Amino acid sequence: MLYIVATPIGNLEDISLRALKVLKEVDFVIAEDTRRTGNLLKYYNLPKKPFLSLHKFNERRQIKKIISLLKEGKKMALVSNAGTPTISDPGQRLIEEVHKENLEITSVPGACAVINALVLSGFSTEKFLFLGFLPKKKKKRMEILAKAKEIDVTLIIFESPLRIKRLLGELIEVFGAQTKVAVVREMTKVFEEVKISSAENLLKTLKNVKGEIVVVVENKK
């Protein structure tokens, strides 16, 4: 059985009782950063587990090993560094392969930065589109934003503190200076911050931005 286990996005208390039970009982834990996951297990006094690292550089090799262990009847938990696995994190190819092999799989839901930022923004939750991290090249970024503008949905974007002002400038170009934007930073942590204003005002006032950022755009027709 493969368990897809959501872990906290910041505050370590944001984990479900079921997730703790699964992490206690599985034979292996599959993680992108085994040290970070090891700290989580230690925080909850969970028994040490054999780890398997899974990231973009070893994915193909590790998937074969994981599938073999699952076929032997091993119980395995897939976790991300923070939040729900496969959301801008490795694991999608593994899950796809598990389904192809008709092996048992289930998800243990929990924290997700995408949903957390959306509800904090106060923007419409009826329909939304997650764009993840935009490409680095401006032409491709602008193409994606232009296509998204044509859909009447709230937009959610992951962004680096180093590129947040660049993104706000691009939002102004595509959506207009007065487009309402929420910049949500360091969610669930001590310095959590939600700034909601026009893209133009945020571009002028944001300074020394640090931490993990999710940007929510009110894309109304």
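Restricting to Cα pairs below 8 Å that are 6+ residues apart, what does the relative contact order work out to for the chain? Please round to a whole percent.
Reported relative contact order: 22 percent.
Given Cβ point charges of +1 (Lys, Arg) and -1 (Asp, Glu) and nothing else, what value in debye, to the nearest 20, does the dipole of segment 54-162 about its Cα centre take?
640
List the equivalent ellipsoid semi-axes of the chain in whole Å, largest first, each obtained as the square root of 5λ for an eigenvalue λ of the Cα gyration tensor.
For the chain, the ellipsoid semi-axes come out as 35, 19, 15 Å.
Give me LYS49, LYS137 ranked fewest to most by other Cβ atoms within 10 Å of their Cβ, as a rough exposure proxy.
Exposure proxy ranking, most exposed first: LYS137, LYS49.
Once the dipole of the chain is set up with Lys and Arg at +1 and Asp and Glu at -1 on Cβ about the Cα centre, which of VAL184, GLY91, PHE57 lies farthest towards its positive end?
In the chain, that residue is PHE57.
So what's the gap between the Cα centers of segment 109-131 and segment 27-57, to the nearest angstrom?
If we compute the Cα centre of each part, the gap is 27 Å.
Would you grab the residues whose amide H sits under 5 Å from the one on ILE30? Only those 5+ places off in sequence or on another chain, please, with H modelled 1.01 Å from N.
When sequence neighbours closer than 5 places are left aside, the close amide H contacts are LEU52, ALA77, LEU78, VAL79.
Mind running the shape call on segment 13-57? Use the C-alpha gyration tensor, a ≥ b ≥ c as the square roots of the eigenvalues: rounded below 1.5 for a/c, prolate if a/b tops b/c, oblate otherwise.
prolate
Apply the a/c threshold of 1.5 to the C-alpha gyration tensor of segment 2-108 and tell me whether it is rounded, prolate or oblate.
In terms of gyration-tensor shape, prolate.
Among LEU162, LEU155, which comes first, second and so on when ranked by fewest other beta-carbon atoms within 10 Å?
In order of increasing Cβ crowding within 10 Å: LEU162, LEU155.
Could you please rank LYS140, LYS65, placing first whichever residue has the fewest other Cβ atoms within 10 Å of its Cβ?
In increasing order of surrounding Cβ atoms, one gets LYS140, LYS65.
The numbers here are math on the coordinates, done by the rules we state, and not lab data. Just so you know, these numbers come straight off a predicted model, no measurement behind them. Methodologically, a virtual Cβ is constructed for each residue, glycine included, from the backbone with ideal geometry; neighbour enumeration extends over all protein chains shown.
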